[in-house]
1. Round to the nearest 10 and report in Å² the accessible area of Thr118, as given by a 1.4 Å probe over the protein chains' heavy atoms.
2. For region 45-155, what is the accessible area per residue in Å², given a 1.4 Å probe and the full set of protein chains?
3. At a probe size of 1.4 Å, how large is the accessible area of Arg46, to the nearest 10 Å²?
4. Using modelled backbone amide H atoms (1.01 Å from N, in-plane), which distant-in-sequence or interchain residues come within less than 5 Å of Ser80's amide H?
5. What accessible area, in Å² to the nearest ten, does a 1.4 Å probe give for Val122?
6. Between Ala108 and Asp73, 0.36 nm times their residue separation minus their Cα-Cα distance comes to what?
7. At a 1.4 Å probe radius, carbon and sulfur cover how many percent of the accessible area of region 47-92?
8. Report the label-to-label distance for Gln124 and Arg46 in nanometres (one decimal), using points 7 Å from each Cα along the Cα→Cβ vector.
Amino acid sequence: TLASADAEATPSSWITVQTVISVWIKVQTVISTLIEIKAMIGRMRRPPSKLVERLVSVSEEVLRPDQALRLEDIAALIGSARATLYYHFSGRDDLVAFLLEENLRVAAETIELAVTTTRPPVVQLRSAITALVGFLGGQPGVCAGLLSFAGATGRLGTLMAAKDAKLA
């Protein structure tokens, strides 16, 4: 196990590692769900980078599970016309899938930057976990949105079973 490979690991840090592994498994499953949804929804075209920046800047609010914002509400949040969002997204679900995809891309880049191949595997894993926890901890709305999305798509049970299998 990771704990036996790393003499500095403590029981409390091992629990943290288990939690992070669980979250990572959930993130990977959400990514595959997003790919399926993206194929079903079929977004017309990628929005321009300035629009992407504005949308990502309101991700925390849009992805909160207790929010049921309409595209009109989101357009008002970013100071854009409703028609602009409808031009790029077929509806709220398409926009939410886009925001989750963008945030997961940033999370993957953050983790990739934290891991170098010149360090021992245990250090690389610790760096990857620290980067993932930092990303998710810094964006609780996005994290909640990912978990809520997994629950709404009926995959939360699958995620938990996958986590249990990985930790066993």
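The values are calculated or read from the model by the stated rules, or taken from the named source; none is laboratory data. None of the values given here were measured: they were computed from a predicted structure. For neighbour counting, all protein chains shown are included, and Cβ atoms are generated from backbone atoms with ideal geometry for every residue, glycine included. All accessible areas refer to the heavy atoms of the entire protein, side chains included, with ligands and DNA or RNA removed. Shrake-Rupley method; radii C 1.70, N 1.55, O 1.52, S 1.80 Å.
1. The value for Thr118 is about 120 Å².
2. 51
3. Counting only protein heavy atoms, the figure is 130 Å².
4. Amide H neighbours of Ser80: none.
5. Here the accessible area works out near 40 Å².
6. 9.7 nm
7. Here carbon and sulfur together make up 53 percent of the probe-accessible area.
8. Each label point is offset 7 Å from its Cα along the Cβ direction, giving 2.8 nm.
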